[in-house]
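Have a look at the structure below before the remarks.
The values are calculated or read from the model by the stated rules, or taken from the named source; none is laboratory data. These numbers were taken from a predicted model, which means no experiment stands behind them. Virtual Cβ from ideal backbone geometry, glycine too; neighbours counted across all protein chains shown.
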Amino acid sequence: MSSPRPGRRAAPKESRWAKVRVTRGGGQPNGKRVADRKPRRGAEEASASTAPFVDPVDSVAAPYEVPEVIGAVEVPLVTSPPPEDPGPRADVLDVAGLDGVGGSDFPLTDEPAPPEVVDAPLLPVPESVQQPVGPPLGRSWRVLGGAAVVLLAGCVALALAALHIGPGWLDGAGAVAVLTTYTWALMARTGGRQVVFTVLALAIGVITVAEGGDVLRSGAAVMTCVVSGVLAVVLTVPARTFVGVVREVVIATAVASVGAFATVGFEPVASTVRFEYITLALGFAFIFSLVWRFGAGLHGLGTRGRVTLLVGTVLLAGSLLYAEMLRRYGVEQVVDPTNAAVDWSRDHLGAFPNPIMTLLGVPALAWGVHMRARRRQGWWVCAFGAAATLPVAQTLVNWDTSYVEAGLQQVYGVGLGLLVGYGVIRLDLRLTGQRGRRARAVEAEHAVRPEPSRFSSL
């Protein structure tokens with residue numbers, strides 16, 4: 001008998017009651033064979049009282065066979081070779097409770113052990129593979145191409161209407177095409193119900209153009225302005241360098257500019273000041289509800305993010321309140337110099353930049369897309385970029401502003417805002433990042449926070 005091993009129990013001494021057999025009616029027990037019965041052909045004679053237990057692992061004469069008679073229990077032949085590891089096994093059965101058997105382990109399966117799995121070395125994943133690529137807008141490039149054709153047709157119709165070329169219904173048709181396309185793109189980008197809201201926007205646009213009521217025209221214009229301003233913000237992608245920041249700000253401004261032509265295409269009749277306040281309120285409510293999901297709530301902001309959110313809110317509310325108080329209750333000593341500066345800028349430069357766009361909207365959008373390449377909380381900063389895109393979409397509602405002046409106003413606002421944004425980005429990198437040109441280059445190279453592409457759902 002082999003020596004005991006760790007995890008196995010040696011066969012105990014035979015009990016003196018092992019030879020006692022109790023049968024019913026003089027027959028042998030059900031399911032057992034008497035030890036002194038003649039074994040099958042090819043097996044050696046073994047006595048129930050003297051046959052030792054032979055471990056299949058330690059068997060030398062027949063390493064792939066197990067003795068047929070052990071004590072008073074017959075065990076079927078096992079054809080599979082035992083595992084090489086002599087340690088404890090989990091796939092065995094302890095039959096210590098059977099009569100005449102002290103503690104024997106029998107394998108329950110005749111299948112060979114599975115081959116050893118060797119872990120393959122980890123290979124570096126390219127940066128292009130690490131970026132998550134979601135489904136394209138509308139989950140089909142054909143749908144995306146069709147939407148682009150509809151948008152281009154709407155832009156052509158609005159351009160012809162602005163130049164007073166063609167029939168009078170071109171501005172309404174172009175506004176409906178842009179509103180429908182922008183609504184579809186916004187829902188696809190933010191994961192909303194594309195078909196429902198696209199059909200709803202198309203129905204509102206067609207009814208507005210067909211009926212022509214003042215309330216319908218003003219409501220459709222407000223809707224177009226809000227959708228254009230929000231879409232211009234969410235359509236941006238993270239930018240690692242300042243060149244990429246400039247690209248994203250220009251794209252957002254272009255998207256909002258097309259929305260400005262569509263907004264005025266519905267010919268709203270509301271007051272300019274009231275229209276601006278309503279669109280700003282609705283636009284910021286919409287963008288903050290989206291950013292709440294994109295930025296994972298307020299718990300991931302951190303101290304700097306909370307300070308940024310508080311400062312941006314105070315600056316936005318303070319600037320609007322100050323402008324309204326100056327317009328209503330301003331004294332001549334304060335209002336006159338401001339009006340003089342605005343008049344001088346319009347006479348010599350052609351336009352005066354929007355203060356909210358220059359001091360808050362464009363810097364926030366520039367800093368936000370730069371921060372999104374590094375931290376998710378950059379979405380909260382991008383939310384204040386609506387202070388740049390919404391005023392762009394509102395520009396043409398003021399009938400005293402010409403197309404040339406509106407374009408120059410946007411150019412001046414974007415240019416000055418990018419200068420302010422560059423200063424904010426450099427200050428942020430100096431306070432939180434590495435100093436030196438090489439360190440900043442290395443930091444920009446490793447700023448690869450994954451985010452879906454421009455034409456994929458967030």
Go over the candidates V227, V196, V246, V222 one by one and state the one that is within 27 Å of R426 (Cα to Cα) and under 32 Å from the mean Cα position of the chain (by Cα). V246
Restricting the search to segment 409-458, which residues are at pLDDT below 80, of a type in the set (S, T, N, Q) and not in a loop (DSSP other than H, G, I, E, B)? T432
If L231 satisfies all but one of (1) assigned to a helix (DSSP H, G or I); (2) over 24 Å from L158 (Cα atoms); (3) in contact (Cβ under 8 Å) with a residue 12 or more places away in the chain, what's the number of the condition it fails? (2)
Please work out if R346 is of a type outside the set (G, A, S), over 25 Å from A239 (Cα atoms) and either assigned to a helix (DSSP H, G or I) or in contact (Cβ under 8 Å) with a residue 12 or more places away in the chain (or both). yes
Kindly check whether there is at least one residue in segment 160-171 that is touching a Ser or Thr at 6+ places or on another chain (Cβ under 7 Å) and touching a residue at least 24 places away in the same chain (Cβ under 8 Å). no
Regarding segment 263-276, can at least one residue be identified that is out of contact with any Phe, Trp or Tyr (no Cβ under 8 Å at 6 or more places or on another chain), of a type outside the set (S, T, N, Q), over 25 Å from A323 (Cβ atoms) and part of a helix (DSSP H, G or I)? yes
Qualifying residue in segment 199-212 (condition: within 19 Å of W379 (Cα to Cα) and of a type in the set (A, V, I, L, M, F, W, C)): no
Name the residue, out of G212, G174, that is of a type outside the set (F, W, Y) and at positive phi. G212
